[in-house]
Amino acid sequence: MSDEQRPPASPEPGGAASAGPERHGSERDGPERDGPERGGPEPEPIRFFGTTWLHHDGGYGLRRAGVAVGSLALASAGAVVLRFAFQGLEIADVGPFVGILVVAGFAICSALAFRRTWDGFVRRPDPAAESAADRSAQSLMFIGFIGSLLAYFCRSLVEAPGEKRCRTEYAAARERHERRRSSRTGNPAARKSRPRKRR
């Protein structure tokens, strides 16, 4: 048989060809051992804060001050813009009734926006409870943007907006993870004890 017709030699058990998959397999196992599944659930990032709310590090205090100052400045700028709009209505001489309706409408929308934004910081809205009415309320939130900005300002004086909700959910997720890990570590011992009893 000529050299061209000979089949390729099979790699030796300890050769380089067999060492490659074993090396790659160990590389794949490394991230899995050190990954988030072993360490538990990851904290949810918050807008403007990331995950600094967990340990109050990474400029957490400066971020809170920046959010407070920025939201208050934007709310003030929005109030100035609305003041110009009301002056335009006065110049147009539309009458006091229309002016009262506009002021009342913006006040109601701002109050609703403040309430919805504040509730979003405390509890997560249920996706199943969302309806067409909730989606249509987004226009009210847009009109009452000053209320949302004031909610950010008031909440940032206490904590990062949404920190209480995220901390509660993170603690519950950590507790569930610990329970699952303790139950998984108990199963292999029970499985090993069963064959011993059969023997």
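Annotations for the structure displayed:
- Within the range 93-111, the set of residues being aromatic (Phe, Trp, Tyr) and either closer than 17 Å to Arg83 by Cβ or touching a Phe, Trp or Tyr at 6+ places or on another chain (Cβ under 8 Å) (or both) comprises Phe106 only.
- Members of the range 143-157 that are closer than 11 Å to Gly78 by Cα and open to solvent by less than 20 Å² (accessible area, probe 1.4 Å): Gly144, Gly147
- A search for C-beta distances below 6 Å between a residue of the range 48-68 that is of a type in the set (S, T, N, Q) and any residue that is open to solvent by 40 Å² or more (accessible area, probe 1.4 Å), counting only pairs 6+ apart in sequence or on different chains, returns Thr51/Pro45; Thr52/Gly58.
- For Ala137, the test of being open to solvent by less than 40 Å² (accessible area, probe 1.4 Å), over 30 Å from His55 (Cβ atoms), modelled with pLDDT under 90 and not basic (Lys, Arg) is passed.
- Residue list for the range 40-92, filter: in a loop (DSSP other than H, G, I, E, B) and open to solvent by less than 30 Å² (accessible area, probe 1.4 Å): Gly40, Pro43, Phe49, Thr52, Trp53
The values are calculated or read from the model by the stated rules, or taken from the named source; none is laboratory data. Note that the structure is a prediction, hence the values are computed from the model and not measured. Don't worry about glycine lacking a Cβ; one is built from the backbone with ideal geometry, like all the others, and counts go over all protein chains shown. Ligands, DNA and RNA are excluded from the accessible area calculation, which covers all protein heavy atoms including side chains. Shrake-Rupley method; radii C 1.70, N 1.55, O 1.52, S 1.80 Å.
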